[in-house]
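> Have a look at the structure that comes next, please.
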Amino acid sequence: MTAPHFTPRVFSGIQPSGGLTLGNYLGAIRRFVEMQDRGGFETIYCMVDLHAITVWQDPEALRKNTRELCAGFIAAGIDPEKSILFNQSQVPEHAQLGWIFNCVARMGWMARMTQWKDKAGKNSENASLGLFAYPALMAADILVYHATHVPVGEDQKQHLELTRDIAAKFNHDYGVDFFPLTEPVIEGAATRVMSLRDGSKKMSKSDPSDMSRINMTDDADAIAKKIRKAKTDPEPLPETAEGLADRPEARNLVNIYAALSDLTVEQAMAQVGGQQFGQFKPMLADLAVEKLAPISGEMARLMEAPDEIDAILARGAERARELASPILQRTYEIVGMVR
Ligand code: TYM
């Protein structure tokens, strides 16, 4: 349980390491908007550019992707007045607390992270030290605000468990109740959107095949084509949600349909159960275009005024630092640094 003295505060981040995908939108950004609008939380959303450079990023592309991600947040409904919206490198407290957490986290904890194993692969000797330490910086992102809730897709669950381990070890080692044990918020029909080409792989901005994902900048034709060509099996959709259990591609498309129409999977199956893919896919494509086209249009409009985006990020960073700075200072005192 989160200790009661922590203000209900939401933090989450997305890497500006490529374009936004439908997975980021349904698994993360839609929930960010919902938590912003629900009330009762302070909401803080971050473009984690320091995380992005744990693997090589072309500098110009990183700048463009950071601005485009900011445009994506706003186009999808994040209001930079209601929420704090900023990029990580403008708030040095993240990296500063990250260093302290590098000294709290254990090598063994990091080595068990599946994202590290997937990304470093067999060539871990050649991976950056930053990639290995990545989850300690992520814990710092969250805990430098004493955030209590973190909405994410399912792939981040293990990192959030590690965040709790770091908070607990810090509190234990220094005999304090200083950092909250943050709650992951992994909710909705699309916490794990899969590749459109392979139902066993996550939809990802780094997949070499563009047909495997829907990008938030895709136009209506591209969206429709990708859904039409999405891999499926030859059977029609089952009548009930249970029938999707061993049919990963069918399940993925139904999950996407449910999430886009704000339904549970059961409710979605009441509408589309038993349909042939020849009927279901065009309906899904129309729905996706209807929901996503206004966002990509708005993103393109915002990208025409990069100065305005930069001003929003600068203002967000200022507000973020007001929260982060006292928490970092207090951490230094707890650790024994002379201030
Ligand atoms: P990243 O940039 O890979 O993804 C951003 C968010 O999108 C979610 N997501 C998905 N959800 C459902 N289906 C998918 N196919 C899919 N792909 C991505 C992710 O779960 C995530 O919520 N380590 C984080 C970034 C981060 C962070 C943080 C998150 C850094 N610091 C602090 C939360 C709190 C990452 O790489 O996300």
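> Take ALA311 and tell me if it is in a helix (DSSP H, G or I) and in contact with a helix residue (DSSP H, G or I) (Cβ under 9 Å, 6 or more places away or on another chain).
So ALA311 does not fit the description; no.
> Follow-up. Name the single residue, out of those in the range 312-339 being hydrophobic (A, V, I, L, M, F, W, C) and farther than 27 Å from LYS82 by Cβ, that is surrounded by the most Cβ atoms within 10 Å (Cβ to Cβ).
The extreme case among them is ILE334.
> In addition: Tally the residues that are within 12 Å of the ligand (Cβ to nearest atom) and either closer than 20 Å to LEU97 by Cβ or without any contact (Cβ under 8 Å) to a residue 24 or more places away in the chain (or both), restricting the search to the range 110-161.
23
> Quick test for you: out of LEU131, LEU85, pick the one residue that is surrounded by fewer than 21 Cβ atoms within 10 Å (Cβ to Cβ) and in contact with a Phe, Trp or Tyr (Cβ under 7 Å, 6 or more places away or on another chain).
None of the others qualify; the one that does is LEU131.
> Counting just the residues of the range 189-205 that are small (Gly, Ala, Ser) and within 9 Å of the ligand (Cβ to nearest atom), which one comes out surrounded by the fewest Cβ atoms within 10 Å (Cβ to Cβ)?
Filtering first and then ranking leaves SER204.
> Taking the options ASP218, ASP246, name whichever one is touching a residue at least 24 places away in the same chain (Cβ under 8 Å), of a type in the set (Asp, Glu) and outside the structural domain of GLY23 (by TED's automatic domain parsing).
After ruling out the rest, the residue left standing is ASP218.
> SER89 passes all but one of (1) without any contact (Cβ under 8 Å) to a residue 60 or more places away in the chain; (2) within 13 Å of the ligand (Cβ to nearest atom); (3) under 17 Å from SER296 (Cβ atoms); which number fails?
It fails just one condition, (3).
The values are calculated or read from the model by the stated rules, or taken from the named source; none is laboratory data. Since we're looking at a predicted model, the values are computed, not measured. Cβ coordinates were reconstructed from backbone atoms using ideal geometry, including for glycine residues, and neighbour counts include every protein chain displayed.
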